[in-house]
Each structure stands twice: as structure tokens, then as C-alpha cells.
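Notes to accompany the following structure.
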Amino acid sequence: MLPSWFNRWNEENPTNVYGPAILIGALGGAVFLAIMVVVFGQPAATSSLQTGPRGQGMSVTEFNSDLATPDPDIELVYENEPYVPDGSEALAKDIYQNVQVLGDLTEDNFDRLMGAMTEWIAPEEGCAYCHGDGDVETYGEDALYTKVVARRMIQMTQNINENWSGHVNANKEVGVTCFTCHRGQHVPSEIWFNIVPVNEASAGWSANQNRATVLSQSTSLPSDALEKYLLGYETIGVHDYESRVANEPGDPLIQNAERTYSLMNYFSNSLGRNCVLCHNTRAFYDAEQVTPQWGTASLGIGMVQEMNNDYLVPLQDVYPETRLGPVHGDAPKAACKTCHKGYQQPLQGTNVIKDWPELATTGAPVYE
């Protein structure tokens with residue numbers, strides 16, 4: 001019944017019964033493992049996102065188990081189909097006072113959107129968060145800063161959806177709403193303030209480096225990269241690729257290179273991806289060898305710069321002191337992680353705009 005080699009080995013080694021047992025056990029275990037993989041699938045299976053031409057090895061690999069794990073906030077996405085107007089409905093601006101935006105919506109769609117905003121931003125306080133505890137007759141007053149800010153944020157959201165579709169909808173229709181950033185909180189997570197020390201000039205360059213901060217992703221890289229590149233419009237770049245090259249006025253210095261690395265590190269953590277999502281590893285510096293995602297990211301930089309400079313920073317005088325930055329008293333600002341929160345696409349590409357055409361354009365919403 002047993003193989004001849006097994007019997008022969010036992011005859012030659014009458015006191016050692018472990019050798020063949022271990023061998024047979026190992027072979028049996030390997031067969032069992034192979035059967036389990038066939039039946040239940042590869043537990044460490046991966047999927048790849050191709051980022052360059054075929055045959056170049058340009059791809060981003062991720063475990064299927066990670067891909068199958070949804071962003072828990074997706075369950076909180078608020079859906080409510082709009083009412084398709086027939087032209088006979090009363091408009092919000094004719095019913096309510098001081099409706100500076102969204103006034104051309106029908107009363108039903110206006111109320112529907114206001115209800116959604118309370119779920120997105122202040123689910124516990126409801127309407128009172130922006131309108132106070134007075135009667136409905138007082139809702140037209142701008143007594144609370146939250147209402148003034150909310151009005152401007154509606155305009156910002158409409159602008160993003162209308163003018164930055166190349167970034168927001170790069171792969172498919174996704175859109176943004178208040179929930180994209182707020183996720184049921186008054187203040188979105190991952191906002192940022194300027195934290196450069198007030199005595200930076202006396203301390204020198206080291207005052208901006210070798211300080212583990214949130215903005216430098218707890219590294220020794222410069223902590224003012226977001227301020228320089230996502231608020232200011234400084235050129236993102238590194239120093240000369242050759243050594244001992246005389247710098248001309250305007251050429252990137254070593255500090256700019258380190259700021260760039262700091263910004264790239266922030267990008268990577270914001271999207272949960274590494275450098276190869278946007279760059280070709282053989283030529284990080286060459287704009288002709290980047291991936292399509294590089295273009296999407298470049299649009300995102302421009303979008304965030306506009307958000308900060310045209311919408312967020314101008315609200316500084318509207319906010320109470322408790323909402324301003326701890327070092328410079330500056331307004332809260334946005335960056336990639338404010339929306340993405342560790343995912344390549346916010347809410348993993350969930351279409352959040354489909355029920356809210358009122359936020360998709362500064363013009364008349366299109367109802368279908």
C-alpha cells in the first residue's frame with residue numbers, strides 16, 4: 001500500500017519515523033493550501049491601475065481586500081431626488097426674505113436643499129445652526145456668521161462643479177456637495193492654518209524645518225509648503241539637476257526643492273497613493289513622461305488655489321476668533337486631504353451630485 005521508497009527508508013532507519021512523516025505532512029499541507037486557494041480565492045490578490053503605456057510597467061498595485069473596504073462615510077451620503085418643476089411653482093425668492101443665492105429655485109427644491117445642508121453640516125442643531133433659535137420670520141436675517149459663510153460656500157461649491165469638472169469628474173460624474181468636505185461636522189476635517197513661527201526671520205531657515213508638524217506630515221520637511229503652493233502661487237519645482245550651478249534670479253533653490261518634496265508627501269498621504277500615481281519613476285522631473293493622473297492633480301492644485309484665495313481667505317473677518325488659526329489668526333483653508341481624506345477619489349468615486357443639480361451650476365439647474 002505504501003510507496004517502495006517509504007518502506008525502504010523505514011528498513012534502513014528503523015528508529016527514525018519522523019523524516020518521511022514530515023515530508024508527507026508538508027506535501028499534504030501544500031496540496032490542502034492549493035485546494036483552499038482554488039476554492040476560496042487568493043487572499044493576497046491584487047489589482048493594478050495602469051498609469052502609462054502598455055509594456056512600461058507603469059501601474060499602481062493595491063490589494064483587492066483594501067479595494068473592497070468601503071469608505072465608512074459613504075453610508076452617510078444623503079440622497080433625495082429633486083422635484084422636477086413644471087413652471088407654475090412659487091420661487092424661493094418670492095417667499096423668503098434675503099435669499100441672495102438659490103432664489104430662483106422652487107420652494108420645494110429650496111427647502112429640500114436646506115434640509116440636506118443641515119444633514120451635511122449640522123445634523124444635531126438643524127436650521128438653528130445658521131438661522132438661530134428665532135421664529136421662521138427671522139430666518140432672513142444675517143445675524144449669525146454661519147449663515148454668511150454657508151452662503152459663500154454654496155457659491156464655491158457651484159463654482160467647483162461648474163468650472164473644475166476636469167478635476168472633479170476626471171473619470172466619471174462625481175461632483176461635490178457640502179458633504180464632500182464636512183461629513184456631518186461643522187468644520188471639515190483636514191483644514192489647515194499657517195503655522196510658520198512668528199520669529200522665523202531671527203531663527204533662520206531652521207525655523208521652518210526639522211519641526212515635525214501636521215502640515216509636513218510629521219517629517220523634517222518644510223511646514224510651509226501648503227502656504228507657498230496652495231495659497232500662494234509659487235512655482236512647484238526643484239533645484240538644478242547638476243551640481244555647482246550658479247543660480248539665476250528666479251531659479252528654484254534647495255529650499256524650494258524641499259518644499260516640493262513636502263507637498264508631494266502631503267499629496268501622497270491625502271490620496272492614499274504613492275508617487276507613481278502621477279510620475280514615471282525613471283524621470284520624475286520630466287513633464288513629458290508623467291501619467292494622465294498628473295494632469296488631474298495639476299487641475300486640482302489650481303482649483304484649491306482658487307478656493308483658498310477667492311472664497312475661504314476673504315471670510316477671515318467674518319469668522320469669530322475661535323475659528324481662526326492659533327498662530328497667525330488666519331482663516332481656515334482647504335487642501336487635497338480636506339476632500340479626499342486618504343482616498344484617490346473622495347468617497348471612493350460616489351456620485352454625490354446626482355440629486356443636487358442646484359449645486360452643479362451657478363445658472364439654472366437642469367432637472368431630469
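The values are calculated or read from the model by the stated rules, or taken from the named source; none is laboratory data. None of the values given here were measured: they were computed from a predicted structure. For neighbour counting, all protein chains shown are included, and Cβ atoms are generated from backbone atoms with ideal geometry for every residue, glycine included.
Contact annotation: residue pairs with Cβ atoms under 6 Å, 6 or more positions apart or on different chains, pairing a residue in the range 82-93 that is more than 19 Å from ALA116 (Cβ to Cβ) with a partner that is outside any loop (DSSP other than H, G, I, E, B), are ALA90/GLU107.
The set of residues in the range 62-100 being more than 21 Å from TYR367 (Cα to Cα) and small (Gly, Ala, Ser) consists of SER65, ALA68.
For the range 236-266, a residue qualifies if it is out of contact with any helix residue (DSSP H, G or I) (no Cβ under 9 Å at 6 or more places or on another chain) and within 27 Å of THR338 (Cβ to Cβ), and exactly one does: ALA257. Does the range 120-137 contain at least one residue that is in a helix (DSSP H, G or I), more than 22 Å from VAL176 (Cβ to Cβ), out of contact with any strand residue (DSSP E or B) (no Cβ under 8 Å at 6 or more places or on another chain) and modelled with pLDDT under 90? Checked the range 120-137: at least one residue is in a helix (DSSP H, G or I), more than 22 Å from VAL176 (Cβ to Cβ), out of contact with any strand residue (DSSP E or B) (no Cβ under 8 Å at 6 or more places or on another chain) and modelled with pLDDT under 90.
Restricting SER47, SER4 to those that are modelled with pLDDT of 75 or more and either acidic (Asp, Glu) or within 38 Å of the chain's Cα centre (by Cα) (or both) reduces the list to SER47. Scanning the range 73-103 for residues that are out of contact with any helix residue (DSSP H, G or I) (no Cβ under 8 Å at 6 or more places or on another chain) and under 22 Å from GLY175 (Cα atoms) yields GLU75, GLU79, GLU81, VAL84.
For the range 50-84, taking the residues that are among the hydroxyl-bearing types (Ser, Thr, Tyr) and more than 21 Å from GLY272 (Cβ to Cβ), the one that is modelled with the lowest pLDDT is identified as TYR78.
Here is a yes/no grid of residues against (1) out of contact with any Asp or Glu (no Cβ under 6 Å at 6 or more places or on another chain); (2) outside the structural domain of PRO70 (by TED's automatic domain parsing); (3) more than 30 Å from TYR145 (Cβ to Cβ); (4) not small (Gly, Ala, Ser):
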site: LEU271; (1), (2), (3), (4): yes, yes, yes, yes
site: PHE284; (1), (2), (3), (4): yes, yes, yes, yes
site: ASP317; (1), (2), (3), (4): yes, yes, no, yes
site: PRO320; (1), (2), (3), (4): yes, yes, no, yes
site: HIS328; (1), (2), (3), (4): yes, yes, no, yes
site: GLY349; (1), (2), (3), (4): yes, yes, yes, no
site: THR361; (1), (2), (3), (4): no, yes, no, yes
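Taking the range 83-119 as the range and being aliphatic (A, V, I, L, M), in a helix (DSSP H, G or I) and farther than 14 Å from LEU359 by Cβ as the test, the residues that pass are ALA92, ILE95.
Summed over the range 308-332, residues that are surrounded by 16 or more Cβ atoms within 10 Å (Cβ to Cβ) and assigned to a helix (DSSP H, G or I) total 5. The sole residue among GLN348, GLN305 that is at pLDDT below 95 and either surrounded by fewer than 20 Cβ atoms within 10 Å (Cβ to Cβ) or part of a helix (DSSP H, G or I) (or both) is GLN348.
Highlighted here are the helices (runs of 4 or more DSSP H) found entirely within the range 153-230 that include at least 1 residues which are modelled with pLDDT of 95 or more: 165-168, 178-182.
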